[in-house]
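Engineer: The structure's right below; bear with me while I get my questions together.
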Amino acid sequence: MVRAAGVLAWAVGLCFGLPCVLGIWHFARHGQVWSFMGFPTYGGGPFTDIGIHTTLPLLVAFLLACAAELLAGRLLWNRLRSGAIFALALLPVEVAFWIGFALPAGPAAGLARTVLLLLGWSTLTRSRPRRGQA
């Protein structure tokens, strides 16, 4: 269960992070939100509705959250309790971005990852085994 949560964390980090790199590049170059298939990628959602307009620092912060998700995935793959705690602590930040940018797949993936973590909690270890240990 925990490794599946780790794979899901990697998928979320990559599937949102890689387009975010393109979004940052486009915004820096053109001063506007990148659109994909006619839809704004990181703008026009609830952030905009409440007056938080897309900026480079906001996009970079989201990219950092995606990078943190990749780190959480690695820790979860190794079944480390610190990875589960990190993933759970990261969740509110991610939810804010997912909702703010109107990314509907994010909350569903976050919920699935959390359920997998809780179901596999008893299999987590406090530290990584040393070389030569099972």
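Engineer: Exposed loop trypsin sites (Lys or Arg not before Pro) only (DSSP loop, at most 14 other Cβ atoms within 10 Å): please give the longest stretch of the chain free of them, not including the sites.
Structural biologist: The reported range is 1-125.
Engineer: Follow-up question, since we're still on this one. Please give the calculated 222 nm ellipticity per residue for the chain, where each DSSP H segment of at least 4 residues contributes -39500 (n - 2.57) and the sum is spread over every residue; nearest 500 deg cm²/dmol?
Structural biologist: Counting only the DSSP helices, I get -22500 deg cm²/dmol.
Engineer: Continuing with the same structure: Given an 8 Å cut-off on Cα distances and at least 6 residues of separation, report the relative contact order of the range 2-122 as a percent.
Structural biologist: On the way: 146 pairs, mean separation 45.7, N = 121.
Relative CO of the range 2-122 lands at 38 percent.
Engineer: Amide H of residue 125: which non-local residues (sequence gap of 5 or more, or other chain) have their own amide H closer than 5 Å, using H built in the peptide plane?
Structural biologist: 80, 81
Engineer: I would also like to ask the following. Which distance in Å, rounded to a whole number, links the C-alpha centroids of the range 3-21 and the range 35-95?
Structural biologist: 10 Å
Engineer: What number do you get for the chain when its Cα radius of gyration is normalised by 2.2 N^0.38 Å, N = residues?
Structural biologist: 1.16
Engineer: For the range 57-109, what is the relative contact order in percent, using Cα pairs closer than 8 Å and at least 6 residues apart in sequence?
Structural biologist: The value is 28 percent.
Read the figures in this text as sums done on the coordinates, not as results from a lab. Computed from a predicted model, the values in this text were never measured in an experiment. In this analysis, Cβ positions are derived from the backbone assuming ideal geometry, glycine residues included, and neighbour counts consider all displayed protein chains.
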